[in-house]
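First the structure, in the form of structure tokens, and then the observations on it.
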Amino acid sequence: MLDTIAFSQAMDMLFSGFGPWLYVIPGLLIGLVFGAVPGLQISMAMAVFLPVTFAMDFLQAMLFLTAIFTGGAYGGGVTAILMNIPGSSSSVATAFDGYPMARQGKHNEALGLGLGASVVGAFIGYILLLFLIEPLAGLVLKLGPLEMVMVVLWGLTLIATLNDSTVAKGLMAGALGLILSQVGMSTTGVLRTRIGNPYLIDGIAVVPAMIGIFAASELLRLRGNTYLVEAEGARNISFGRILSGMFETFRYPGVLLRGSLIGAVIGAIPGVGSSVANLVAYGEVRRSSKNRDKFGTGVPEGVVAAESANSSSEGGSMTALLALGIPGGAATAVLLAAFSFHNLVGGPAFIRDERDLIYAIIVGNLGQVVLLAVIGLLTLRLLGMVVKVPLTYLVPSVLALCAWGGFGITGTIAGPVTVVCFAGLGWLMRRHDYPVAATVIGLLLGRMTEGELVRTMQISGGNPLAYMVERPIAILFLVLLVLITIFIPLWRLYRKRREAAENPS
Amino acid sequence: MSGRLTLTHTAFLALVALVTSYISWSAIKASTKLFNLIVVVPVAAIIAILIVTIVASALRGKASDGAMPSRANTLGDILLLGCFAVFCVALTKVGFDIATFIFVWIGIVLGGEKRIWLPPLFSALFTLILVKGFGALFPFPMPMLVF
């Protein structure tokens, strides 16, 4: 599994001088800032700083860009926890429990938990990559479009059914997201539902929609309060409590491991990436938890699962990039561009010929994870100050920031307009207990579902059921999907009746 | 509120029905091929069933709309949402700087700030930070009136 000669050469490359580490700390800081500011994407940061890597050698360039990736994955979680604004789509599930924790005055612990889970998740992701890069690459190739459809439907059903609202409302919210994802040109090139608006050709911009439905609608709801954290004493930023939150992560080893493993495997599937990993891991940990009813109200396991998965997916996505030469998402696509700058091509030949370089990248990333813990702890104190700002000032300021963020994604008025439309939609949905997260997930995954369904139909010659019989992994996901759809409503009904019997009044 | 649908819930369900119908009609008009309708038609059918289920459940009083916020609260939310909509549309028309300055000022006053001098001062500083910090990172040109 581990080529010891190549490994020792990698160690020599990394530790014979300070050169490879020179740009790691700036990379982490850039990632933290871009990840934490809504509207600035990690992939955007990597693309903006890609030309800088011209002057670096390949290892330096890779460590710099992956440091932005690592910092960004955590940075997105900071705003998700403090303001319910996922800095990027990979932090959507972090907000589910992180933000309620912050509202209860446990923002220090939530930030610490997020940092601890991110560090451990990224560490596990890269350790898996180090030992399993070759077998994982083989496994990834076994997942076809039908399996992808099943993964997406499984994830969507989990989130739609596992919420505090009724199953019908959860499914309605998910289906609404799916139908909205069908605006614009289809995956087969048919132009539909533009309302004569050229901005809608590529469909609804997902990140501005997410900013609107999550953040802006929540800000409207917060309007009547005085502070994000109502209790005055709980508003303090405590280094000690952040640190204790970080160590609290280790009280959930099962959640950490499950979140990290789900993240690494899903991250390794080309085209899926950390957003799906974050959601599926959260849904899966919630489904199997004894405290499943309390998820969404500020449960530490929720933060741990979500953050460990999005961080470990980074290692997973590097598997697809290094072993197959296929970028798992936008961020790894930028890394692929860095490969071409240095006349290198990822794939089986790269694994065979440049194994020392691959090990150096992986070990370098493990080092980055340790540095993230230090840099994260130092910057969290500053980022956590937001809870001390009165809501009278915070609400309009963050609303303005949301609109700016929408513009930052699209570069046109379409961004801010999408933010406000989804703010209104989110406001209506929250008033009547529709889970807004399910709509975002439907919107995020709808396009992918359509593409994978079309490919499944093409591969199966129009007979997907006969094709499914030959795909055991797809059958497994289908069984899980059916079980969730049938058993969760039945379980809820049983529980309601039991509660009614116990409390007849 | 059990036994009936509230006005805002009815508005939401009507909006969902309208948007779904429009997207389905537009997709069918564009092409009736299976690959074009592979997601739209099944999802639209599911939404139609769910709307009927939710309406029936609410009318039978099985699912209540929960405790609704007061009328004043709702109107306050709608007022701020309206201001936000005007702000978003005005960004490229009057300039990001002026639109942000005015919106944040009005937003603070709507939030209940009584001091006269603090909202415009905070708003001006916040706008300056946004323009010179956040805006400088954007790769797109942003219309400004003052800066």
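The values are calculated or read from the model by the stated rules, or taken from the named source; none is laboratory data. The shown structure was predicted, so the numbers you read here are calculated from the model rather than taken from an experiment. We place every Cβ from the backbone using ideal geometry, glycine too, and count neighbours over all the protein chains shown.
Structural remarks
- Subset tally (residues that are buried (at least 18 other Cβ atoms within 10 Å of the Cβ) and more than 7 Å from every other protein chain (Cβ to nearest Cβ)) for the stretch B:24-50: 2
- Flag for B:P42 being in a loop (DSSP other than H, G, I, E, B) and either outside the structural domain of B:W117 (by TED's automatic domain parsing) or under 20 Å from A:L428 (Cβ atoms) (or both): no
- Residue count for the stretch A:168-226 satisfying the condition of being under 17 Å from A:R431 (Cα atoms), more than 9 Å from every other protein chain (Cβ to nearest Cβ) and surrounded by fewer than 23 Cβ atoms within 10 Å (Cβ to Cβ): 3.
- Residue that is nearest to B:F87 (Cα to Cα) [pool: residues in the stretch A:432-462 that are within 8 Å of another protein chain (Cβ to nearest Cβ), outside any loop (DSSP other than H, G, I, E, B) and in contact (Cβ under 8 Å) with a residue 12 or more places away in the chain]: A:G446
- Scan of the stretch A:473-491 for residues that are under 18 Å from A:S165 (Cβ atoms) and among the small types (G, A, S), ordered by number: none
- Scanning the stretch B:84-94 turns up no residue that is more than 7 Å from every other protein chain (Cβ to nearest Cβ) and farther than 28 Å from B:P141 by Cβ.
- Residues that are surrounded by fewer than 12 Cβ atoms within 10 Å (Cβ to Cβ), aromatic (F, W, Y) and either part of a helix (DSSP H, G or I) or within 7 Å of chain A (Cβ to nearest Cβ) (or both) within the stretch B:95-147 are absent altogether.
- Filter result for the condition that a residue is among the aliphatic types (A, V, I, L, M), more than 15 Å from A:V398 (Cα to Cα) and at pLDDT 90 or above, over B:L75, B:L79, B:L137: B:L79
- Qualifying helices (runs of 4 or more DSSP H) (wholly inside the stretch A:199-265; at least 1 residues being modelled with pLDDT of 75 or more and of a type in the set (S, T, Y)): A:217-222, A:239-248
- Enumeration of residues in the stretch A:390-431 that are more than 17 Å from B:T100 (Cβ to Cβ) and not in a helix (DSSP H, G or I): A:P390, A:G411, A:T412
- Where A:I473 falls short, out of the listed (1) within 30 Å of A:P145 (Cα to Cα); (2) in contact with an Asp or Glu (Cβ under 9 Å, 6 or more places away or on another chain); (3) at the interface with chain B (Cβ under 10 Å from one of its Cβ atoms): (3)
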